[in-house]
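These notes concern the structure reproduced below.
The values are calculated or read from the model by the stated rules, or taken from the named source; none is laboratory data. Predicted model, so just to flag it, every value in this text is computed and none were measured. Note that each Cβ is placed from the backbone with ideal geometry, even for glycine, and that neighbours are counted across all protein chains shown. Just the protein is used for accessible areas: all its heavy atoms, side chains included, with ligands, DNA and RNA removed. Shrake-Rupley method; radii C 1.70, N 1.55, O 1.52, S 1.80 Å.
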Amino acid sequence: MSKLLPDVEKLDHKIAVDTGSPNIEVPNEAVTYESGWKSVQYLSAKAFNTQFGKEDFSGELKEFSKVWELLKEGEKLVAMLYTFRSCSQALKDVQTTADTPHEIKMEIYHTEFKIFSPEIQKLVNLMNFHEKAVDMFRNLIVSLTQAERKKEVHSQLKLDLIVKLLDLLIKLDKLKDMKSNLVNDFARYKRALALIGNELGNKKELEASVFALQSFLCNAQHPHGLIIWSAKKKLEDVPDAIEVICMLLGHCREALEKRRYLCPDEKHMLHRVIVYLMYILDAEKDNSRGINAFKERRATFVMGLFKQAPVIPLFGDMQIQIKYDLDRCQNWTVQSREQIDDTSDRVRRNYMIDNMKRQKIRADYSAYVSKFCTLINSIRAIRSTPNFSEKIKMPLCAKTYHTVLEGLHLISEWNRAIRMQSAYKCAHPLDEKEYKSKGGQGGKGHEYERVVRYAYNQNELSTLVDVIGMLKGLGSLLQKSETIFIDLCWRYIHDVMQHFVHAMLTRPMRKAFKAHRSQVLRIMQTMREICADNIPGAEMTDDYKQVKKEILEIEYKFPNRFTPPTVDQVVLMRRMMNFICSERAEGNKGGFFNKRDLKKEWQEEWLKIYDDSYFFQYVLNFKDSLRQSMDLSFLWYREFYLNMTKQPQFPIDMSMPWILTKFVIQGVQMKENIFYPMEIYNDAAEVALSYLDQRYLFDEIEAEVNLTFDQLLVYLSKEIFKYFKTLAGSILLDHEYAAAYDRFKAGTLRVPVSRYSTLMSQQTVRLLGRVVNLQVLLAQHILESFRKNVSGIVSKFTSGPLSNACETKSFLDNARLAHLLASKHLPLDSFDTILKEMDGRVSLMQGCGKMAAHVAEELNGDILPNWTFCSGTRRFVPSVTSYAEKHTRDIVRVKLPKHYWYGAGYHSPNSQLQAGFKKYFGAEHLHALLDILDIADVPYILNEILSFIERNIGESLMPSMEKVQQVLQKAPIPLPKAYMGPALAYQGLINNNLVKAVQSWPALKSVFFQSLREIGNAFAFIHLIESVLNERNDSRFTQIAFYMAVRPHPPPARGHGDEPPLTPFLVDKKRNSPFYSVVSKTYEKLGGATLMQREIKANMDKAEKYMKSNVEQNASIFAATLRRVSGILETVEVFDGAEPANGVLDTHSGSDFAKVFSVAQFVFCTSPTQMKDGKEVRAGLEEHSILGDGFAWGGCVLVYLLGYSARFEMLDLCNHILNIAASDDTEMMTELGLTADQLRKLQAGKQGMNMASLKTLAMKQFMRNAKYSRSVNAFVFSTIRSYINVNPVNDLRFSPPKPT
């Protein structure tokens, strides 16, 4: 054994499994044990000779064991009565008629008899027990009468047992009266027995039991309180019973004043017993020997007690209201009843746990936890040293014992306060008006709603949750530390008893020896024999015979054992101590000729040890004491109200544990206390199985726990998800904007204080013996919320225009950040995985995601056909009107709470920020799309756009091009002469028959213009996305240049030319990356090995190769698109038109695309006007406001790719008019585009031109539009030239004639 003990100690102290997660629940023990202190058999007492004359202390214990057995049997009946569910309520009456066969009737009654027989047998057992218990109560009272008459010493344990027995009778009596369904079941049983009794062999016995049971259940004289009345009636013929009852009142009063109780119900038991002792003491009408209990001198204290505590908890959800229970007393008057005002503010404050009590409990809790943890740490420090048992001294053991006992007192006191508040709420339900004002709807079970669901306000719920959290938290701390301190408590109890029987008994024994008090001396010697733990060979048998001086010099030694005494040792020692040191003891009565057995100072020491030793039983039976102190099962049990309302069970919203749990979830604070209210279910389940012994109650609790835990997970995950979404919203929102918004709407932008870290780090919780992985379950629910969030974002994006891209990105940024914050506490799937799944990109067979398909569809169906592009702002905006068909979408209504988008309170400011981005589509939206989409989706979108361009060229542009060519081939369109000026040139062209023919073609704008616009918008979009990608590449290069040893060119030396370098940066192959240099030097200073440096270098080379490949990619999307379209155009001959007549260049006629686009652009620049009230006004929208710059982009790109850019720039009609206008800059030229000489020629000519007619609004608008179109054309041509070079169709050179 000596070899095995060190190994066991290693397992106990060295091996520890610590997950690092906090514990926010009361530990549940899978394996429990019960100490011998629970035994009340007193089996070892008969081994001791404790009979001294008429006193037989061991014989007393034998009688006490019978009382204990009776109490244990009565507790089972109390549990049976409280949990009794009526069979008659569940089993409806079977209606029989005269035609029903006799055999069927008999079968029905036999079945009923069989069903009700076990239930009636329980009632018979209750009846028999009540008779036995009343007789036992009478016998105990009788046993005290003679001793009380002589004012002798009573056994305190005996008085306590009488109090417990009377309390048991009170509970049985109240439960019997409460259960009205007992009579219903008995009536059904009685009826069945009457009909089938002849067929039963024991009919007479059954009828006799029925007769007796009927007088027990339905006593006409005493329909209520029959059991207590029976006990009172039994005492009428007992002489001096009044003295014993008054003595019991004094005993209860003394216990209350000295606080001689610990478990929560023990104080309430004393209150209940005092009430019914007054009832027993008060005289009946026909009892001439009775007294007026309320005028008895020894009972005057009870009225003050009743006024202070008029409501007493009884059992479960039952309570006693004193002023009503004493109505059965003969001398309880109306005036006495009115003195007890249980609705006064003073009484209410005594019952309610207000803020002042809460603060006191909090202060006591904090002070005690600090003291207890300091003590436990000091014990652990001592235990960690070798031979620690020798270093543990008596002061440390005493401190440990008193600290543990103080903790039990605190927990019981808090539990008692909760019981009193709950009992007061049940005794004073809400009135009808207040009930309805709080949302009560009435109906079945509304009586329970008035005392539970709507009885507590928010402050009371907060206080109750806080107190429960402190109660359970302190109990958990004591329970987890039991193995550390319990043996020190045992050592203290052992040493106190040994010090008493060794040292403190010697001088009283010497005094008794000298005074020839043989009985007292023998009792003291017996105390030593029973309790002394002597060192072998050092027994002190005759020490008391020495002189006083020698006795004072004796150094008493005894073994320092960590072993508790037995229950018999403590009980016998206390009984004999009380027999000697009590004021009623014969040796302490004193007198003129009598000497006291104990000196005054000795008696005080004895009484102190006697009072302190009363609590030994609670510490020695620590597990059961702590369980009773922490038991809050009464907050769930509702059997009284179920019986009263005749309901099988109440909804979960009426369950107090769920009400408290829901309050914690929906509140801001005390999130770490969320599982302490759930511990009420564990308490209720423990009581259901261990005390009430009812499996169906456990099943009901289990069903409610399942529902409650599911609701808890839903509510908790919802609140945690909302918190992280709100936190992400506060982080992402611009702080300056947030500050300004908060000044505008104060208090709206608030992030609640995080109280969820402790909950999320709690890996497992235990409910009803089941271990539940809370972290995984929370992760599942919150992950589902993120999936729902991302799915809603994707659905909202795919059912709206592309201008929502920035808003969608902000949604995803918020969700991504919230997911990142939550992932630090919970095991969640990656956000990219969630996004891919919701976007439909999880299958290899899927070509692209939902969002990429939506982007391509929106571009081809809405942006490119219906939106106008502005080259200056690089934005697409919706057209006022459009030639294309209106784009339709499948509208999906996404119904999600507001906090799913930006968090609670942050939806409005973010929506206002994103509202501006919804009015256009530009570079910001492309940045957002590139962040939203996968990089593999970009080629798919570009391919869809190229297909869109090809379809437009082949299906729309080419057929409409042929129509325009047919018109232009009929006759030439001569360029106006320069001397005519721009105004006449414009008039000449606008009045040209061919131009009019082209302009009047119905499909010109809706087909030809629209085709060019769509093609141009497509090229503009590709160029825009190329610019955005370049910006992102530049930003990425700036970030990685430091790690790649890339550096800018040094400044050129003096005297050298300013030729630009061939590359924008230098890559030094021989120079290491600055990052690697810093890391390697740091490792060298820290003494790092070169192996670590080589690994870092290898990883950096891999990263550099990857990053460099990205940086050095020079491929251009826009150039590739141009080359692909150019290849398409090479296969199409319709764009080239007819050959020039001179074989070189036709300046007036022609049908190639350059000429067609020139005429089309001339028509495009014209502005429709009309005369209204003698003034020229606009007659409609200009083409530019409808088509935008996409028209110019489409035409110029095709002109350039066909090789007609030079010819177009030279012979374009609009350019020609603008060139004419640019030849002079006089004021008249500014207004009309004519020089002074041209004006004179025109005025002198035969035309007779009206000068005012040239100053038209249409002309001015045309000039403005033409100038803008030329600038756009120049921008497009220069842009294309920077990407691709195209050889002109004809390589023409013009030179002056050679001199002859």
Mind checking which pairs have a first residue in region 536-558 that is under 11 Å from Arg507 (Cα atoms) and of a type outside the set (Phe, Trp, Tyr) and a second that is assigned to a helix (DSSP H, G or I) and open to solvent by less than 60 Å² (accessible area, probe 1.4 Å), Cβ under 6 Å, 6 or more apart or different chains?
Asp543/Thr506; Ile551/Thr506
Selection from region 121-160 of residues that are in contact with a Phe, Trp or Tyr (Cβ under 6 Å, 6 or more places away or on another chain) and part of a helix (DSSP H, G or I)
Met127
Ser21 versus (1) among the hydroxyl-bearing types (Ser, Thr, Tyr); (2) modelled with pLDDT of 75 or more; (3) under 30 Å from Leu767 (Cα atoms): which is the lone unmet condition?
(2)
The lone condition Glu539 fails out of (1) open to solvent by less than 80 Å² (accessible area, probe 1.4 Å); (2) over 20 Å from Ala398 (Cβ atoms); (3) not in a helix (DSSP H, G or I) is (1)
Name the residues in region 427-449 that are open to solvent by 20 Å² or more (accessible area, probe 1.4 Å), under 25 Å from Asp265 (Cα atoms) and either part of a helix (DSSP H, G or I) or without any contact (Cβ under 8 Å) to a residue 60 or more places away in the chain (or both), would you?
Pro429
Go through region 383-407 and give me each residue that's loosely packed, with under 15 Cβ neighbours inside 10 Å and either among the β-branched types (Val, Ile, Thr) or outside any helix (DSSP H, G or I) (or both).
Ser384, Thr385, Pro386, Asn387, Lys393
Filter result for Leu248 (aliphatic (A, V, I, L, M) and open to solvent by 70 Å² or more (accessible area, probe 1.4 Å)):
no
Considering residues that are among the small types (Gly, Ala, Ser), modelled with pLDDT of 90 or more and not in a helix (DSSP H, G or I), the number found within region 899-946 is 1
Members of region 762-808 that are open to solvent by 40 Å² or more (accessible area, probe 1.4 Å) and of a type in the set (Gly, Ala, Ser):
Gly769, Ser791
Here the residues within region 1188-1200 that are more than 15 Å from Ala1266 (Cβ to Cβ) and open to solvent by less than 10 Å² (accessible area, probe 1.4 Å) are Gly1188, Gly1190, Trp1193, Gly1194, Val1197, Leu1198, Val1199
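Please tell me if Val238 is in a helix (DSSP H, G or I), open to solvent by less than 30 Å² (accessible area, probe 1.4 Å) and under 21 Å from His154 (Cα atoms). Even if it seems obvious, please write down each step before you answer.
On the way: in a helix (DSSP H, G or I): no; open to solvent by less than 30 Å² (accessible area, probe 1.4 Å): yes; under 21 Å from His154 (Cα atoms): yes.
Against the criterion (in a helix (DSSP H, G or I), open to solvent by less than 30 Å² (accessible area, probe 1.4 Å) and under 21 Å from His154 (Cα atoms)), Val238 does not qualify.
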Look at region 679-716 and say how many of its residues are of a type in the set (D, E, K, R), within 25 Å of the chain's Cα centre (by Cα) and open to solvent by 70 Å² or more (accessible area, probe 1.4 Å).
1
Would you call Glu254 touching an Asp or Glu at 6+ places or on another chain (Cβ under 6 Å), open to solvent by 40 Å² or more (accessible area, probe 1.4 Å), in a helix (DSSP H, G or I) and not aliphatic (A, V, I, L, M)?
no
Any residue in region 322-349 that's outside any helix (DSSP H, G or I): show its pairings with residues that are open to solvent by 90 Å² or more (accessible area, probe 1.4 Å) at Cβ separation under 8 Å, as long as the two are six or more apart or on different chains.
Gln330/Lys285; Asn331/Lys295
Region 947-984 - residue that is in contact with a Leu (Cβ under 8 Å, 6 or more places away or on another chain), of a type in the set (Gly, Ala, Ser) and part of a helix (DSSP H, G or I) and, of those, farthest from Asp1212 (Cα to Cα):
Ser960
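Considering every residue within region 620-629, establish whether at least one is in a loop (DSSP other than H, G, I, E, B), surrounded by fewer than 16 Cβ atoms within 10 Å (Cβ to Cβ) and over 35 Å from the mean Cα position of the chain (by Cα). Even if it seems obvious, please write down each step before you answer.
To start, the set of residues in region 620-629 that are in a loop (DSSP other than H, G, I, E, B) comprises 621.
Now narrow it down to the ones that are surrounded by fewer than 16 Cβ atoms within 10 Å (Cβ to Cβ): none.
Within region 620-629 (the criterion being in a loop (DSSP other than H, G, I, E, B), surrounded by fewer than 16 Cβ atoms within 10 Å (Cβ to Cβ) and over 35 Å from the mean Cα position of the chain (by Cα)), the answer is no, since none of the residues qualifies.
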Where Ala283 falls short, out of the listed (1) surrounded by fewer than 21 Cβ atoms within 10 Å (Cβ to Cβ); (2) touching a residue at least 24 places away in the same chain (Cβ under 8 Å); (3) within 30 Å of Leu471 (Cα to Cα); (4) not basic (Lys, Arg):
(3)
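Residue-wise test of (1) touching a residue at least 12 places away in the same chain (Cβ under 8 Å); (2) touching a Ser or Thr at 6+ places or on another chain (Cβ under 9 Å).
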| site | (1), (2) |
| --- | --- |
| Ala208 | no, no |
| Ser215 | no, no |
| Ala220 | no, no |
| Pro239 | yes, yes |
| Arg253 | yes, no |
| Lys258 | yes, no |
Taking only region 292-321 into account, find how many residues are touching a strand residue (DSSP E or B) at 6+ places or on another chain (Cβ under 9 Å) and part of a helix (DSSP H, G or I).
2
Report, by residue number, each residue of region 103-121 that is touching a residue at least 40 places away in the same chain (Cβ under 8 Å) and surrounded by 17 or more Cβ atoms within 10 Å (Cβ to Cβ).
Tyr109, Glu112, Phe113, Phe116, Glu119, Ile120
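If the requirement is being in contact (Cβ under 8 Å) with a residue 40 or more places away in the chain, open to solvent by 40 Å² or more (accessible area, probe 1.4 Å) and over 30 Å from Ser1000 (Cα atoms), which of these qualifies: Asp937, Asp931? Talk me through it step by step, then tell me what you get.
Values: Asp937 fails: open to solvent by 40 Å² or more (accessible area, probe 1.4 Å).
Exactly one residue qualifies, and that residue is Asp931.
Report the residue count in region 150-186 for those that are of a type in the set (A, V, I, L, M), open to solvent by 30 Å² or more (accessible area, probe 1.4 Å) and at pLDDT 90 or above. Give the derivation first.
If we filter region 150-186 for residues that are of a type in the set (A, V, I, L, M), which is where we start, we get 153, 157, 159, 161-163, 165-166, 168-170, 172, 175, 178, 182-183.
The next check asks that each one be open to solvent by 30 Å² or more (accessible area, probe 1.4 Å); those that pass are 157, 183.
Now restrict to residues that are at pLDDT 90 or above: 157.
Selection size over region 150-186: 1.
I'd like to know if region 408-417 contains one or more residues that are under 26 Å from Asp653 (Cβ atoms) and either open to solvent by 10 Å² or more (accessible area, probe 1.4 Å) or assigned to a helix (DSSP H, G or I) (or both).
First pass over region 408-417, keeping only residues under 26 Å from Asp653 (Cβ atoms): 415, 417.
Now restrict to residues that are either open to solvent by 10 Å² or more (accessible area, probe 1.4 Å) or assigned to a helix (DSSP H, G or I) (or both): 415, 417.
Checked region 408-417: at least one residue is under 26 Å from Asp653 (Cβ atoms) and either open to solvent by 10 Å² or more (accessible area, probe 1.4 Å) or assigned to a helix (DSSP H, G or I) (or both).
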Failed item, numbered, when His268 is tested on (1) open to solvent by less than 30 Å² (accessible area, probe 1.4 Å); (2) not in a helix (DSSP H, G or I); (3) not hydrophobic (A, V, I, L, M, F, W, C):
(2)
In the list Gly1016, Gly988, which residue meets the criterion of being open to solvent by 30 Å² or more (accessible area, probe 1.4 Å) and farther than 20 Å from Lys809 by Cα?
Gly988
